[in-house]
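Enquirer: What follows is a structure written as structure tokens; I'll ask about it next.
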Amino acid sequence: MSFARVAVVGAGVMGQGISQTVASTGTEVLLVDVNEEHIKIGLKSLSDEMDREIERWGMTSSEKKAILSRTKTSVNLDALQDFPLIIESIPEDLRLKKELFSKLDSICPPETIIVTNTSTLSITEIAAVTKRPDKVIGLHFLNPVPKIPLVEIVRGLRTSDETYDRIREFAESLGKASVKVFEYPGYVTTRIIVPLLNEAMHVLMEGVATPQDIDTAIKLGYGFNIGPLALADKMGLDVVMAWMENLLNELSDHKYNPCPLLRKMVRAGNLGVKTGQGFFKYDQDGNRIIEE
């Protein structure tokens, strides 16, 4: 049994993608953010991204219209009290997530399932601030959410079988293949990809090869669709560094220590696609600018 209504908290890139994916199945979505400006920016970004899909013949205008018509917005957390499923997609900050889950726990009825989209943080620790740890679970979508056919379903220590089964069915209703993950820092996808991205950055910093040649070597040599440096740009270099720091803190393993070049680029505000400059340059639509 799927859910008739779903709320998404956080109007950033991941929140936009999750909202679009859920609404595309015919489900009503409420997109919530504490900042009205964030919602306006999020809706415009979502609309622009769907326009680009229409230009690529990946979506029709009527599909876009239907998705937007099913997507409502609010800046009031109290609006969530009647939703059976809430998906949190705010920044990867444990303190912020715990504060939000504590508020949601007091607002929502006991039967509401609360999902976190965290990619590295502890489901168990987030769930501990609630009176319903059995109904807290991780659903780690990858970006871009509408296109990546995978989702990790992460069980906390006290996540119930019933909650897991309902969320697995929900993932299937979204057309996603799911993998069951028992909580451990970084889960499967983040833990494995982060050292690859970090090592590619070290190779670049040490002058072994150019960014283009590093990505070409990995793409053609190992059958990747995208090179590690372009992938990091797409994810957001600040996000990638936050993942590394969380994993370093949890596992105390040097391979997760962010490359000095990455730290330097984040400090400079060169965060990848979203700022137009990372390891490569991008136009306002996020397309790579090929330099001669």
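Enquirer: Please find, within the range 183-197, the residue that is surrounded by the fewest Cβ atoms within 10 Å (Cβ to Cβ) out of those that are assigned to a loop (DSSP other than H, G, I, E, B) and in contact with an Asp or Glu (Cβ under 7 Å, 6 or more places away or on another chain).
Expert: Residues of the range 183-197 that are assigned to a loop (DSSP other than H, G, I, E, B), as a first pass: 183-188.
Restricting the remaining residues to those that are in contact with an Asp or Glu (Cβ under 7 Å, 6 or more places away or on another chain) gives 185, 187-188.
Working: 185: 18, 187: 21, 188: 15.
Out of the qualifying residues, it is 188.
Enquirer: Which numbered condition trips up residue 32, out of (1) over 30 Å from residue 128 (Cβ atoms); (2) modelled with pLDDT of 95 or more?
Expert: It fails just one condition, (1).
Residues checked against (1) without any contact (Cβ under 8 Å) to a residue 24 or more places away in the chain; (2) farther than 27 Å from residue 34 by Cα; (3) among the aliphatic types (A, V, I, L, M):
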position: 104; (1), (2), (3): no, no, yes
position: 113; (1), (2), (3): no, no, yes
position: 120; (1), (2), (3): no, no, no
position: 127; (1), (2), (3): no, no, yes
position: 139; (1), (2), (3): no, no, yes
position: 157; (1), (2), (3): no, yes, yes
position: 167; (1), (2), (3): no, no, yes
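Enquirer: Here's another thing I want to ask about it. Could you tell me whether residue 200 is modelled with pLDDT of 95 or more, buried (at least 20 other Cβ atoms within 10 Å of the Cβ), not in a loop (DSSP other than H, G, I, E, B) and not assigned by TED's automatic domain parsing to the domain that holds residue 52?
Expert: On the way: modelled with pLDDT of 95 or more: yes; buried (at least 20 other Cβ atoms within 10 Å of the Cβ): yes; not in a loop (DSSP other than H, G, I, E, B): yes; not assigned by TED's automatic domain parsing to the domain that holds residue 52: yes.
Yes, satisfied.
Enquirer: Tell me, yes or no, whether the range 149-156 has at least one residue that is at pLDDT below 95 and touching a Pro at 6+ places or on another chain (Cβ under 9 Å). Talk me through it step by step, then tell me what you get.
Expert: First pass over the range 149-156, keeping only residues at pLDDT below 95: none.
For the range 149-156, residues at pLDDT below 95 and touching a Pro at 6+ places or on another chain (Cβ under 9 Å): absent.
Enquirer: Of all residues being outside any loop (DSSP other than H, G, I, E, B) and not hydrophobic (A, V, I, L, M, F, W, C) in the range 235-254, which is nearest to residue 117 (Cα to Cα)? Just the residue, please.
Expert: Restricting to residues being outside any loop (DSSP other than H, G, I, E, B) and not hydrophobic (A, V, I, L, M, F, W, C), the top hit is 246.
Enquirer: Same structure again: On the basis of being touching a Phe, Trp or Tyr at 6+ places or on another chain (Cβ under 7 Å), of a type in the set (Asp, Glu), crowded, with 19+ Cβ neighbours inside 10 Å and not in a strand (DSSP E or B), does residue 215 make the cut?
Expert: On the way: touching a Phe, Trp or Tyr at 6+ places or on another chain (Cβ under 7 Å): no; of a type in the set (Asp, Glu): yes; crowded, with 19+ Cβ neighbours inside 10 Å: yes; not in a strand (DSSP E or B): yes.
Here the answer is no, as residue 215 does not meet what is asked.
Enquirer: Something else about it: Can you tell me which residues in the range 256-292 are of a type in the set (Lys, Arg) and either in contact with a strand residue (DSSP E or B) (Cβ under 8 Å, 6 or more places away or on another chain) or part of a strand (DSSP E or B) (or both)?
Expert: Residues of the range 256-292 that are of a type in the set (Lys, Arg), as a first pass: 263-264, 267, 274, 281, 288.
Answer for the range 256-292, where residues must be of a type in the set (Lys, Arg) and either in contact with a strand residue (DSSP E or B) (Cβ under 8 Å, 6 or more places away or on another chain) or part of a strand (DSSP E or B) (or both): 281, 288.
Enquirer: Related question: Looking at the range 107-122 only, could you name the residues that are among the hydrophobic types (A, V, I, L, M, F, W, C) and either over 17 Å from the mean Cα position of the chain (by Cα) or at pLDDT below 95 (or both)? First the steps, then the outcome.
Expert: Residues of the range 107-122 among the hydrophobic types (A, V, I, L, M, F, W, C): 107-108, 113-115, 121.
Selection gives 107, 108, 113, 121.
Enquirer: Search the range 24-48 for residues that are on the phi > 0 side of the Ramachandran plot and pair each with any residue that is buried (at least 16 other Cβ atoms within 10 Å of the Cβ) when their beta-carbon atoms are under 8 Å apart and the residues are at least 6 apart or on different chains.
Expert: Filtered contacts from the range 24-48: 26/70.
Enquirer: Continuing with the same structure: Would you check if there is a residue in the range 143-163 being in a helix (DSSP H, G or I), assigned by TED's automatic domain parsing to the domain that holds residue 26 and within 21 Å of residue 27 (Cα to Cα)?
Expert: Step one: list which residues in the range 143-163 are in a helix (DSSP H, G or I), which gives 161-163.
If we keep only those that are assigned by TED's automatic domain parsing to the domain that holds residue 26 too, we end up with 161-163.
With the extra rule that they be within 21 Å of residue 27 (Cα to Cα), the set shrinks to 163.
Yes, that holds for at least one residue.
Enquirer: Still on this model: Report yes if residue 232 is modelled with pLDDT of 95 or more, under 17 Å from residue 119 (Cβ atoms) and not basic (Lys, Arg), otherwise no. Reasoning before the result, please.
Expert: Numbers: modelled with pLDDT of 95 or more: yes; under 17 Å from residue 119 (Cβ atoms): yes; not basic (Lys, Arg): yes.
Answer is yes for this residue.
Enquirer: Could you tell me whether residue 187 is touching a residue at least 24 places away in the same chain (Cβ under 8 Å) and among the aromatic types (Phe, Trp, Tyr)?
Expert: Values: touching a residue at least 24 places away in the same chain (Cβ under 8 Å): yes; among the aromatic types (Phe, Trp, Tyr): yes.
Taking the combined requirement at face value, the residue satisfies it.
Enquirer: Now a separate question. Go through the residues of the range 164-175 one by one and say whether even a single one is touching a Leu at 6+ places or on another chain (Cβ under 9 Å), farther than 29 Å from residue 24 by Cα, part of a helix (DSSP H, G or I) and of a type outside the set (Val, Ile, Thr). Before the answer, list the steps.
Expert: From the range 164-175, those touching a Leu at 6+ places or on another chain (Cβ under 9 Å) are 166-167, 170-171; that's our starting set.
With the extra rule that they be farther than 29 Å from residue 24 by Cα, the set shrinks to none.
No: zero hits.
Enquirer: Further, regarding this structure: Please go through the range 93-116 and give me each residue that is crowded, with 19+ Cβ neighbours inside 10 Å, more than 15 Å from residue 128 (Cβ to Cβ) and not polar (S, T, N, Q), ordered by number.
Expert: Residues satisfying the conditions are 108, 113, 115.
Enquirer: Here's another thing I want to ask about it. Give, as residue ranges, the helices (runs of 4 or more DSSP H) completely inside the range 1-90 that count at least 3 residues that are in contact with a Pro (Cβ under 8 Å, 6 or more places away or on another chain).
Expert: Details: elements: 13-23, 36-55, 61-69.
Fully inside the range 1-90 and qualifying: 13-23.
The values are calculated or read from the model by the stated rules, or taken from the named source; none is laboratory data. Quick caveat, the model's predicted, so the values are computed rather than measured. Glycine gets a Cβ as well: all are built from the backbone with ideal geometry, and neighbour counts include every protein chain shown.
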